[in-house]
1. Is it fair to say residue C:107 is buried (at least 23 other Cβ atoms within 10 Å of the Cβ), closer than 24 Å to residue B:279 by Cβ and in contact (Cβ under 8 Å) with a residue 60 or more places away in the chain?
2. Right, residue A:126: more than 10 Å from every other protein chain (Cβ to nearest Cβ) and within 27 Å of residue B:106 (Cα to Cα) or not?
3. Among (1) modelled with pLDDT of 90 or more; (2) buried (at least 24 other Cβ atoms within 10 Å of the Cβ); (3) out of contact with any Gly (no Cβ under 7 Å at 6 or more places or on another chain), which single condition is residue A:348 missing?
4. Quick one: is residue A:160 more than 17 Å from the chain's Cα centre (by Cα), buried (at least 21 other Cβ atoms within 10 Å of the Cβ), assigned to a loop (DSSP other than H, G, I, E, B) and within 13 Å of chain C (Cβ to nearest Cβ)?
5. Taking residue C:128, is it free of Cβ contacts under 8 Å to residues at least 12 places away in the same chain, in a helix (DSSP H, G or I) and within 21 Å of residue C:62 (Cβ to Cβ)?
6. Given the options C:252, C:259, C:172, name the one that is in the same structural domain as residue C:111 (by TED's automatic domain parsing) and not basic (Lys, Arg).
7. State all residues of the stretch A:84-103 that are of a type in the set (Val, Ile, Thr) and within 14 Å of another protein chain (Cβ to nearest Cβ); if no residue qualifies, say none.
8. For the stretch C:106-126, give me the residue count where each residue is of a type outside the set (A, V, I, L, M), within 8 Å of another protein chain (Cβ to nearest Cβ) and touching a Ser or Thr at 6+ places or on another chain (Cβ under 8 Å).
Amino acid sequence: MFGNGAHAAGGIRRVLALALACVGAIGLATGCGGGVSSSSGESSPGVSKDAITIGGSYTLSGPLSVLGVFGPASKAYFESVNAKGGVDGHRIKFVYYDDAGDPSKVLQNTRRLVEQDNAFGIYSTVGNTVSASILDYVNQQRVPQLLAVAGGSEFGKTAAHPWTTPFYVGNATEGAVDGRFILSKQPNAKIGVLATNDDAGQSYVRGLEGALAGSGATIVAKQTYELTDATVDSQIAKLRASGADTVAILALAKFSSLGLKRIHELGWKPTIVLSLSASSRDASLRPVGFENVQGVYSAFFAKDPSDPQWANDPALKRYRDTLAQYGRSLDPNDAFTLLAYMNAQVLVSTLDESSALTRAAVNDAAHNLSLPTVDGLLPGISIKTGPGDPWPIETLQVVQFRGDQWVPVGDPVSYEGKTPN
Amino acid sequence: MTLFIQQVVDGIASGVIYAALALALVLIYRSMTLVNVAQGEMAMFSTYIAWQLTAWGLPIALAAPLVVGISLLGGMAVERVVIRPVQHRSVLDVLVVTLGLLLIFNSAAGAIWGTTAKRLPSLFPDDTVAIGGVTFGLETLGIVAVLLVVCGALAALFRFTSIGLAMRATTSNRESARLCGIPAHRMLMLGWGLAAALGGLAGVLIAPRVFLDPNMMLGVLVYAFAATALGGFDSPLGAVIGGVIVGVVENLAGVYVGFIGTDLKVLVPLILIVGVLLVRPRGLLGSPRVARV
Amino acid sequence: MTSIARILPRLSPLAVLAALAAAPFFVGRFQTFQLATILIWAVAILGVNMLTGFSGQITLASGAFVGIGAYVTSVLAVHAGVDPLLTVLVAAPAGFACGVAVGVPAARLRGIQLIILTAVVAVAFAPVVKRLDALTGGAPGLAVPRPAAPAAWGVSVDAWVLWLSLIPAAAVWYVGAQIARGRIGRTLVAVKELDLAAPALGFDPSRYRIFTFAISSSFCAVAGSMYAWSYGFVAPDAFPLTLSITLLACAVIGGLTSVWGALAGGAVLTLTPYFLGEVSASLTGLLFGAALILLVYVMPGGVAGVLAAARSRLLAARRSGRAGGLRVRGSAAPEGGPNRVSTVDPETQTGGSDVR
């Protein structure tokens, strides 16, 4: 296997020689290659006279590829901004790679973007696991991880990772809003929860429990699912067997569909509350059939782009026009596409508002957002962060599905500055 | 007791999903004594074609047989173009090629049709029938019926037709089969075509229940392998029975065995596989492995 | 035959190691990180080579064993404060033990049964790790402190990790070579060739198959430790079944029975997606699949096989040019050394030179 006729002694000789080589190499000290030096780079790489390089890593293949749309959708918005001269005269150069949902590839892509492609910052990592995999790296390297689409409580801990900012509603907030709403309808509800088996799901449950504390309502069953599950039939069966009269679902669209379908098949009629990720009209409800999901509740901060009530909405019209021009392969009715579009708007605003185009200044701006209008937000909801207030979105509008539309129920519920941990 | 029977019935409903894909795996194995890692993805791709046909207005009852036919031709084409150049080389080279196919089909489906889940109309009515307090889905019964018919057809093909005999000869000993005048490469092509056709059928049967998206078959594949291990890698009927058993055991274990829970549910078929492989490697209905020394 | 041709095979491993050690002085931090990544996967693929190439057992469990090594390192470093560098001394035996545990049932199985059994191990890995979340951090994973270079030297973490990684890599290389060329190695090849007939000749193949499984798994576990050093982060979803399949594929493409093949395989695994990412971000998966197929077509016997064939053709041309003697065409015949056994293994049906 190794060449010809070498003996065991030859092997030991080789190892010794290697050790010598290593010592010799280290002795060479001052290297000409940057690979050796421990000093870090400049404070605002990725910014040239007329362009700023933003990097991203998206899941464009594999089981979570439904989240991959964030890359191309953001790109479409950036191109529309570039066509109008960019941000402060800087064109946005958006470079992104596929990570197939693999945390190691996310880190590889991030390092490539930062160390080779000279990215100013990493934008919009999607999902808790993906976003968590580069937390240490970006914070050690002092590279802004801007507007990560992740709601797990970890992302609200700004002190622990000062260079990371979330763009989403905290899952704990969602849980709290859902909990309060359930209490308002059924003070003694018995709640069964189907959630993802990760930080998002756990944060949601904590928020829910917090809202229910001291009331007559309880969580009687908690079920999780795996991406490799073909159906969630047995989870739903267990929820039903636990005597729940209310079901809360925090899941990806496909699994929320499967859950809703099963509930309908069983002829079971609990009160159903869907988390944001589980409630897309096109992705979650349509496969089950609108007629089979009448009356389910959810809590939104954004408009559902496939909902006919927004057909003439001027903000969404701008969104659709942008996609028609710069993102023709994208589906404007997809809720994630709109979310990405909103995220992109916030990034551009952040760059605009920032006092300077340096990493530190932009990071600071990202921690102090105040944006009353972003295309796609529901009326009454705005984006705000500040010291002690890490979550940009803390107001949700409870909605109910009637006919083929999500109809608002009551006024938006605000947890501004009060997102539980 | 009714609850228990209901769980068993629910398990059968899942099990037939696994059985459907397992049939395709068995067919490939019978052609090449090899596992095609891409079988699930090819089936998923066929299912997308079915969806496209229904989106263009064709009723599912017509789209389904059409897709089975398209898959037959497609599978034969894949063998001819992609597999044949390497099939005389080692088993591992072919395995690597099938991995490449897996990646290609998975990406292509996402690129062409997007990644949002789609709904495929079912071949069977949505109703249920209640017998003695236990609910049976008509869809499940329909799938079981279809699978049994397919098993019968395959058994008849292999045992009573000359093509079937030629295929069996090619699998058993390719060189000798050639010496007898059997066009071995054509038999292999046919084997791939049949497996792809079965895969397409499986997809059309499965998709209404699990919704169609590029990753639909990922979870099912593991269970389908469990089904073939349990039933015997070369027995179609074994695959169906194996699939049903896997589904039932998985469901019962998830419900009645406390610490398993839904996150470890996938361990159930895995433990089943290990158990079968240790105790009776050939599976329930498989033929014992004969190797020449 | 020229003395160069005789010395070269002995020098080249040394030269490669020296080149890798010197690399951080010539390339940037990201490239250094990538070299470390190539080493990680080369070590894991060497494990696959031992098991599949040498012992003829096709395995889809290698990714899980890498994961085991990575988690042993991470758990010890995070919960017990053990220096990450020392954890590899625990990871390797842990991998060995797990390898025995899987190897025992696997010893009796062949072909598709073995593939499925090992696939089971790979699929079971993530759910079990997630369930043990108190220890492993569950689905979100664990952040692992990376080995820190002595501050006075002023070298980057990446360079330090690369140099550290060379140590277990060289050790694994050495052990692999010793086994390969020793009595055990010859017995393994004989066991692979004879398979069912081995008992008739008086030895029990199971012991050797289990041993190879254990060694292979410990190599993969070592790769896992190296992974934790390089990435500083482990998550259950980083070690799925697709990783095992890809490791096997790259082992085949590199050359199943060669140490160089393992290095080439590691390079293919790391660099192909990198270059494909330049071409198209959204079609990376598809292009990678196409690349795998093309590489298998174009290189029978893998990269190592192609290089060996080229080398022997070169040497044969020289030899016949000088002596006007018999022309040896195209076969990978080594000069000197034991006779080549030309066989087709009934199980994996890998042909070519197995004994060197």
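1. no
2. So residue A:126 fits the description; yes.
3. (2)
4. No.
5. yes
6. Selected residue: C:172, the only one of C:252, C:259, C:172 that is in the same structural domain as residue C:111 (by TED's automatic domain parsing) and not basic (Lys, Arg).
7. Of everything in the stretch A:84-103, just one residue is of a type in the set (Val, Ile, Thr) and within 14 Å of another protein chain (Cβ to nearest Cβ), namely A:95.
8. 2
The values are calculated or read from the model by the stated rules, or taken from the named source; none is laboratory data. These figures come from a predicted structure and were not determined experimentally. Cβ: placed from backbone, ideal geometry, glycine included. Neighbour counts: every protein chain shown.
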